[in-house]
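This report concerns only the one structure given below.
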2 protein chains.
Amino acid sequence: MKAAAIIGGGVIGGGWAARFLLNGWDVRVFDPDPDAERKIGEVMANARRSLPGLSDAPLPEEGRLSFHAEMADAVAGAIWIQESVPERLEIKHKVFAELQAACHPDAIIGSSTSGFKPSELQAGAARPAQIVVTHPFNPVYLLPLIELVTTSANDAAQVARASEQLTELGMYPMHVKKEIDAHIADRFLEAVWREALWLVKDGIATTEEIDEAIRMGFGIRWAQMGLFETYRVAGGEAGMKHFMAQFGPALKWPWTKLTDVPEFTDELVDLIADQSDAQSGAHSIRELERIRDNNLVAMMRALKGQDWGAGALLNKQDTRLRDGSPLTGGVDEIGDLSQPILTVARAVPLDWTDYNGHMNEAKYLEAFAAATDRFMELIGCDAGYIASGGSYFTAETHIRHLAEVHAGARIAIRTRMLVGEGKKLHLFHSMYEGDELLATGESFMLHVDLKTRRPSPPSREIEAAMDQIRSAQADLPYPDGAGMAIRQPG
Amino acid sequence: MKAAAIIGGGVIGGGWAARFLLNGWDVRVFDPDPDAERKIGEVMANARRSLPGLSDAPLPEEGRLSFHAEMADAVAGAIWIQESVPERLEIKHKVFAELQAACHPDAIIGSSTSGFKPSELQAGAARPAQIVVTHPFNPVYLLPLIELVTTSANDAAQVARASEQLTELGMYPMHVKKEIDAHIADRFLEAVWREALWLVKDGIATTEEIDEAIRMGFGIRWAQMGLFETYRVAGGEAGMKHFMAQFGPALKWPWTKLTDVPEFTDELVDLIADQSDAQSGAHSIRELERIRDNNLVAMMRALKGQDWGAGALLNKQDTRLRDGSPLTGGVDEIGDLSQPILTVARAVPLDWTDYNGHMNEAKYLEAFAAATDRFMELIGCDAGYIASGGSYFTAETHIRHLAEVHAGARIAIRTRMLVGEGKKLHLFHSMYEGDELLATGESFMLHVDLKTRRPSPPSREIEAAMDQIRSAQADLPYPDGAGMAIRQPG
């Protein structure tokens, strides 16, 4: 079992501990803070709920976590030592001296420093070659970026080994070969932070407005393409050089308070255009636009599921779009109950298609589940009812896939109630594109008490709504394809 | 039908046109560029595939698109006029004069300018009150942010009306009340761009490294929480004031080339801490951490589906985690075929749970579909085979939900082949947490020719692999619950 020593167990050290532990390493912590164990426990609780499921494969068994009163004890047997002590050089130097007196000389000592250069950390060390910067981003157990910053004192084999270990932990080590204050990412964060302070101080924007200006716009873009690839796409077919010719002169304008600008020489333009070709040239601008749009749709829809940020905005917009349509309101607000009831009307989103170019089979159930949710709302099992302690759990589902459907298609689902009495609810959904039947989804549900998680009768209002639908639909023939088992061999 | 006039039809004007059209507005375009129609057509093609499905409700019928040789003709009947001509003040002034001579005096004239202040645009206009800045972000048809910048010439009712129209279009109008060069978001982009130019020029990082430094780290964070809320969480329970006390001094260091910094007075610290409380104080830090983690997991998993950026990294990590396990390789690499075959082993991710606190019903099928994909790979229907033109399409699925499962649970799926001959493949999946059977999923598939989309026989290799499994599993009893219809009423 590999072992890592964690020196300093705050939010960052704790995040490292979680990353190692959940990837099967033993973790040995040194932190004089009497609260260290509690603090790391809190980070671990967050990490345990979020990291393992991020993967579609099983993580190894969790390693063992131990706390040690002496640094020398913590580093025993450790092949990776991660230093996350306060950002004061004299403290770091003292810690490195103590570490190097006790640790294995081949162990990698990574520093979480956001500001110091590795040469500053290595100065005066017994074995400078052992020390590198491995600067992580919070939350360390989820975000992949590690700035691996080295000096000429670090040999190539050691850097390769560090990079390999970080990669095994699911991280993205970016080797910064030419050291610089604050490395790379924090220089950008610093620039934005300074500009933000001016905006708040000058009363132009509040902290909330600044945050919205980020996460409703370029923040979503930057989660999937960075600065240069984004601008390459914005420049269109004319390419990166054209974009810079347009955008370059703006640098002369006094927009930001931050005004030291490199000379916009042909040499710099060529350097950037060439690097951009090497980075993104494998895709045409048209391809990059579609990749970008696929990513944006997938992420924004992911945020919808969390009802947060741009996703919360989209949910509000959906409510507005449904307002006054048959897709909202209770059973009394639907005109005609005698026919299957419209429960879903939507376009097939980009993130619902698979490698065959058509709607992924799991998404049929997502659409049918939305139809079931709408039907539940219609009979009075809405968010308020669920909060009061009752809901329906699905016991069985049967889906028949009858025709293909592609991204962008407008689909509608109409729902028949086959059984709706007592705790039983049996629905039959039919999905159409225009007149074409694409699929059917049959669902059998039981009403449950959310406290006991056991079947229980629904409210009288729900029973009454089900009665109303049952009598309205009494004359409909039993639907074709309902109540069937999957076809037998032969 | 509402009508909008689009003045200037490049990437930005085209994006506006798409946003209006897909929300049911008629759009009247003026652009002297002979390629305008083609260019807008290209933007529309991108928008049609991405915007409608972003919504879970149906968008209205698309409006009518028309092109006009005269500005006066384009603005006829328009209640919104969006100007997106080149960023030169004298051009903008000329356009506004022509627009105001022809348009309805109550129409809103929004300018897409990224650099000019509204007072500069309004200067010399016939009706300054009619002109506002409505600055969008590319792609305009997807990203919600609009900086709505006004001056004292704009009355409150007009601003409210503009804000309402933008909200109806699914956008997020942010009213910037105190005008400033480049508004808000572009000041940040500008600061980052300048710093990036230095890094490239000084040979510290390439364009690709800079992009990775953004999208593997803070870019993902900023898609869901901005600068201040992110730092509030990082500061932990000690709060925003504590965070600033720690981070403040770093501003004195010469990190960036951009060094004009506001004085870090108590007044500024209090201003920010108070605004941050107003913005985020409704949630405890612990809640914000979990909200953040839910968002990050959901977005990173969304990027996995697109195999891009941090998502592509996660996919690579999954491949490494599966390496050498029974979750990879062909039929000959699995030791024991005589028992149901392990096809999925994973933890339940945060984005798979629903309002009941347990795994969403649609996600059972996602897990079973992954099991089916793995089984297909096992018998030789892998990515290469699919690229060569053959695949399996699911015809029917039957799921029984037997027990609840929560986020973080380690689940495993074992798969029985009930039928595997000719074009037919009938699988029976059992999902477990430990020894507890959580659900079963029965799938009936047909092998298809991806060109004709019709059933066709699979390759000999696949037939041989199915034969091997069939004879190994011949003695297994028919599984409990297979071949059943959904229970009948009574």
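The values are calculated or read from the model by the stated rules, or taken from the named source; none is laboratory data. Everything numeric here is computed off the predicted structure, so don't read it as measured data. Cβ coordinates were reconstructed from backbone atoms using ideal geometry, including for glycine residues, and neighbour counts include every protein chain displayed. Quick note on the areas: whole protein, heavy atoms, side chains included, nothing else; ligands and nucleic acids left out. Shrake-Rupley method; radii C 1.70, N 1.55, O 1.52, S 1.80 Å.
Taken over region B:38-61, the criterion of being in contact (Cβ under 8 Å) with a residue 12 or more places away in the chain and in a helix (DSSP H, G or I) is satisfied by B:LYS39, B:ILE40, B:GLU42, B:VAL43, B:MET44, B:ASN46, B:ALA47, B:ARG48, B:SER50, B:LEU51, B:PRO52, B:LEU54. Can B:LEU313 be described as part of a loop (DSSP other than H, G, I, E, B), touching a residue at least 24 places away in the same chain (Cβ under 8 Å), at the interface with another protein chain (Cβ under 9 Å from one of its Cβ atoms) and open to solvent by less than 40 Å² (accessible area, probe 1.4 Å)? Answer is no for this residue. Inspection of region A:199-206 finds no residue satisfying the criterion of being in contact with a Ser or Thr (Cβ under 8 Å, 6 or more places away or on another chain) and of a type in the set (Lys, Arg). Of the residues making up region A:32-57, those that are at the interface with chain B (Cβ under 8 Å from one of its Cβ atoms), open to solvent by less than 40 Å² (accessible area, probe 1.4 Å) and not hydrophobic (A, V, I, L, M, F, W, C) are A:ASN46, A:SER50, A:PRO52, A:GLY53, A:SER55. Can you tell me which residue within region A:279-291, out of those that are more than 7 Å from chain B (Cβ to nearest Cβ), closer than 24 Å to B:LEU197 by Cβ and in a helix (DSSP H, G or I), is modelled with the highest pLDDT? Ranking the candidates gives A:LEU288 first. Only one of these is open to solvent by 10 Å² or more (accessible area, probe 1.4 Å), at pLDDT below 90 and either assigned to a loop (DSSP other than H, G, I, E, B) or not basic (Lys, Arg) (or both): B:GLY324, B:GLY329. Name it. Answer to the check: B:GLY324.
Surrounded by fewer than 21 Cβ atoms within 10 Å (Cβ to Cβ) and either modelled with pLDDT of 70 or more or of a type in the set (D, E, K, R) (or both) - does that describe any residue in region B:210-222?
So far as region B:210-222 goes, no, none of its residues is surrounded by fewer than 21 Cβ atoms within 10 Å (Cβ to Cβ) and either modelled with pLDDT of 70 or more or of a type in the set (D, E, K, R) (or both).
Within region A:320-330, the set of residues being within 24 Å of B:LEU169 (Cα to Cα) and more than 8 Å from every other protein chain (Cβ to nearest Cβ) comprises A:ASP323, A:GLY324, A:PRO326, A:THR328, A:GLY329.
If you go through region B:369-386 one residue at a time, do you hit one that is within 9 Å of chain A (Cβ to nearest Cβ), of a type in the set (Phe, Trp, Tyr), buried (at least 16 other Cβ atoms within 10 Å of the Cβ) and not in a loop (DSSP other than H, G, I, E, B)? Checking region B:369-386: not a single residue is within 9 Å of chain A (Cβ to nearest Cβ), of a type in the set (Phe, Trp, Tyr), buried (at least 16 other Cβ atoms within 10 Å of the Cβ) and not in a loop (DSSP other than H, G, I, E, B). The set of residues in region B:66-88 that are assigned to a loop (DSSP other than H, G, I, E, B) and of a type outside the set (S, T, N, Q) comprises B:HIS68, B:ALA69, B:GLU70, B:VAL75, B:ALA76, B:GLY77, B:ALA78, B:ILE79, B:VAL85, B:PRO86, B:GLU87, B:ARG88. Residue under question is A:GLY481, and the condition is that it be touching a residue at least 12 places away in the same chain (Cβ under 8 Å), outside any strand (DSSP E or B), surrounded by fewer than 22 Cβ atoms within 10 Å (Cβ to Cβ) and not assigned by TED's automatic domain parsing to the domain that holds A:ARG346; does it hold? Against the criterion (touching a residue at least 12 places away in the same chain (Cβ under 8 Å), outside any strand (DSSP E or B), surrounded by fewer than 22 Cβ atoms within 10 Å (Cβ to Cβ) and not assigned by TED's automatic domain parsing to the domain that holds A:ARG346), A:GLY481 qualifies. For region A:186-229, a tally of residues being closer than 18 Å to B:LEU199 by Cα and in contact with a strand residue (DSSP E or B) (Cβ under 6 Å, 6 or more places away or on another chain) returns 0. I need every pair where a residue in region B:331-360 that is within 7 Å of another protein chain (Cβ to nearest Cβ) has its Cβ under 8 Å from the Cβ of a residue that is surrounded by fewer than 18 Cβ atoms within 10 Å (Cβ to Cβ) and of a type in the set (Phe, Trp, Tyr), sequence separation at least 6 or different chains. Listed by first residue and then by second, the contacts come to B:ASN356/A:PHE393.
Consider B:ASP336 carefully, then state whether it is surrounded by fewer than 17 Cβ atoms within 10 Å (Cβ to Cβ), part of a loop (DSSP other than H, G, I, E, B) and not polar (S, T, N, Q). The answer is yes for B:ASP336. Hey, among the residues in region A:461-475 that are open to solvent by 40 Å² or more (accessible area, probe 1.4 Å) and assigned to a loop (DSSP other than H, G, I, E, B), which one's farthest from A:LEU446 (Cα to Cα)? Taking the candidates together, the pick is A:ASP475.
Only one of these is within 13 Å of chain B (Cβ to nearest Cβ) and at negative phi: A:GLU436, A:GLU463, A:GLU396. Name it.
On the way: A:GLU436 fails: within 13 Å of chain B (Cβ to nearest Cβ); A:GLU463 fails: within 13 Å of chain B (Cβ to nearest Cβ).
Step by step, each of A:GLU436, A:GLU463, A:GLU396 is checked, and only A:GLU396 is within 13 Å of chain B (Cβ to nearest Cβ) and at negative phi.
Within region B:136-162, residues that are touching a residue at least 40 places away in the same chain (Cβ under 8 Å) and under 16 Å from B:LYS117 (Cα atoms) reach partners that are outside any loop (DSSP other than H, G, I, E, B) and of a type outside the set (D, E, K, R) with beta carbons closer than 7 Å, at six or more positions or on different chains, in the pairs B:PRO136/B:ILE12; B:PRO136/B:GLY15; B:PRO136/B:TRP16; B:PRO136/B:ILE146. Across region A:20-30, the qualifying residues are those that are open to solvent by less than 40 Å² (accessible area, probe 1.4 Å) and not in a helix (DSSP H, G or I), and the one among them that is nearest to B:ALA347 (Cα to Cα) is A:ASN23.
Can you name every residue in region A:166-200 that is among the basic types (Lys, Arg) and either within 30 Å of A:ALA47 (Cβ to Cβ) or more than 7 Å from every other protein chain (Cβ to nearest Cβ) (or both)? Listed by number, the residues that qualify are A:LYS177, A:ARG187. Within region B:89-113, the residues that satisfy the criterion of being part of a helix (DSSP H, G or I) and either hydroxyl-bearing (Ser, Thr, Tyr) or over 23 Å from B:ILE146 (Cβ atoms) (or both) are B:GLU90, B:LYS94, B:ALA97, B:GLU98, B:ALA101, B:ALA102. With respect to A:GLN306, is the statement that it is of a type in the set (S, T, N, Q), open to solvent by 30 Å² or more (accessible area, probe 1.4 Å) and at the interface with chain B (Cβ under 7 Å from one of its Cβ atoms) true? Yes: the conditions hold for A:GLN306. Pairs linking a residue in region B:62-79 that is within 21 Å of B:LEU51 (Cα to Cα) to a residue that is exposed (fewer than 15 other Cβ atoms within 10 Å of the Cβ), with Cβ atoms under 8 Å and 6 or more positions apart or on different chains, are B:GLY63/B:MET1; B:ARG64/B:MET1. Looking at region A:206-229 only, could you name the residues that are in contact (Cβ under 8 Å) with a residue 24 or more places away in the chain and not acidic (Asp, Glu)? Of everything in region A:206-229, those that are in contact (Cβ under 8 Å) with a residue 24 or more places away in the chain and not acidic (Asp, Glu) turn out to be A:ARG215, A:MET216, A:ILE220, A:ARG221, A:ALA223, A:GLN224, A:MET225, A:PHE228. Considering only residues that are more than 27 Å from B:LEU51 (Cβ to Cβ) and either of a type in the set (Asp, Glu) or out of contact with any strand residue (DSSP E or B) (no Cβ under 8 Å at 6 or more places or on another chain) (or both), which ones fall in region A:423-452? Once the filter is applied, which keeps residues that are more than 27 Å from B:LEU51 (Cβ to Cβ) and either of a type in the set (Asp, Glu) or out of contact with any strand residue (DSSP E or B) (no Cβ under 8 Å at 6 or more places or on another chain) (or both), region A:423-452 yields A:GLU442, A:ASP449, A:LYS451, A:THR452.
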